[in-house]
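Right, one structure below, let's go through it.
The values are calculated or read from the model by the stated rules, or taken from the named source; none is laboratory data. What you are looking at is a predicted structure, and each value in this text was computed from that prediction instead of being measured. Every residue, glycine among them, receives a Cβ derived from its backbone with ideal geometry; neighbour counts consider all protein chains shown. Just the protein is used for accessible areas: all its heavy atoms, side chains included, with ligands, DNA and RNA removed. Shrake-Rupley method; radii C 1.70, N 1.55, O 1.52, S 1.80 Å.
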Amino acid sequence: MAINKIMKTFVSILLVGLSFSVSAQLDVTSSSNADELAQLLAGPGVLVSNAFLTCADSSSGYFSNGNNTNLGITEGVVLTSGSASGVAGPNDSGGFTGVLDAYYGSFSGDSDLDQIPGVLGTNDACGLEFDLTTSCADTITFNYVFGSEEYLEFVGSFNDVFALYVTGENPGGGMYTNENVALIPGTTTTVSINNVNDYTNPAFYVDNGDGGTPPQDTDPFYIQYDGFTVVLEAKFAIVPNTDYHLKIVVADDLDTSLD
């Protein structure tokens, strides 16, 4: 792993990886152990601490075998607004909604995501927060994929959203203060279904069918979500041996349905 690729993640997806398997389906394990998930994101020489989750019990976990699917990332962490295990294919449902806390209900939103222009009010937020420090790099890099069952029917109405917030010293001067570094490449625009789809920033969008279209509906090579981004990169410069606080969070916007 290159020295500036210190972290790895997948969100609702977030994610990265390295393993091999003969199975074609994404292998997802639910986990609400924040320390375990944060450690999975840490590359060589990175120390993580003070990890905690703000998620429904079923909404977080980790995955492998992504190299045998169309996800684009081999292994990493899953954060969703519903069921982490529901990410695995095939795409046999046009509107998959995972069970939250053993019932079809809602979970609280996220106040930071609520401040993003165009977001109408989040629900079912799932966030992983932790501190990190390293002595062997000057840049932290995440590879991730964002996906949603809202595609494409609800583009323009329900704006599910994702962010990766950083707080700490900026080596260019001043401080990162809850700064979102997960942006559409070449822009200052947040990653959401309204900002990445078949008409808006289409170069970064993957159409995965609608849950009833072959071959996606029967072949586990295809993950469950109807649409998702290509693998995107979030990165930020750091001062070595200095603590940084990260918050990775995804949520439904306006409604409480569809992961």
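For segment 50-182, what class follows from the C-alpha gyration tensor (a ≥ b ≥ c being the square roots of its eigenvalues): rounded when a/c is under 1.5, otherwise prolate if a/b is larger than b/c, else oblate?
Note, shape of segment 50-182 comes out prolate.
Tell me, rounded to the nearest percent, the portion of alpha carbon pairs in segment 176-259 spaced more than 18 Å apart.
57 percent
Calculated from DSSP H runs of 4 or more alone, at -39500 (n - 2.57) each and per residue, what is the 222 nm mean residue ellipticity of the chain, nearest 500?
-1000 deg cm²/dmol
Please build a GNM for the chain, connecting alpha carbons under 10 Å apart, and tell me which residue among G43, G98, G76 fluctuates the most.
For the chain, modelled as a Gaussian network with Cα springs under 10 Å, the answer is G43.
Might you tell me the accessible area per residue for segment 144-223, computed with a 1.4 Å probe and given in Å²?
I get 42 Å² per residue for segment 144-223.
Carbon and sulfur atoms: what percent of the 1.4 Å accessible area of segment 121-205 do they account for?
50 percent
Consider the candidate values (i) 50, 42, 37; (ii) 48, 45, 32; (iii) 75, 67, 32; state which one is Cα extents along the principal axes in Å computed from the structure displayed.
(i)
For the pair Q115 and S157, how long in nm is the line joining their label points, each one 7 Å along Cα→Cβ?
Each label point is offset 7 Å from its Cα along the Cβ direction, giving 3.0 nm.
What shape does segment 28-111 take by its C-alpha gyration tensor, where a ≥ b ≥ c are the square roots of the eigenvalues and a/c under 1.5 counts as rounded, a/b above b/c as prolate, and the rest as oblate?
In terms of gyration-tensor shape, oblate.
When ranked by the protection proxy of mean other Cβ atoms within 10 Å per residue, highest first, what sequence do the peptides 83-89, 172-178 form?
Final packing ranking: 83-89, 172-178.
Heavy atoms only, probe 1.4 angstrom, no DNA, RNA or ligands counted: give me C136, C126 ranked by accessible area, highest first.
C136, C126
If you average 1/r over all unlike Cα pairs in segment 159-223 and invert the result, what Kirkwood radius do you get in angstrom?
Across segment 159-223, the inverse of the average 1/r is 14.4 Å.
For segment 26-92 and segment 142-210, what is the separation of their Cα centres, given in Å?
Cα centroid of segment 26-92 versus Cα centroid of segment 142-210: 18 Å apart.
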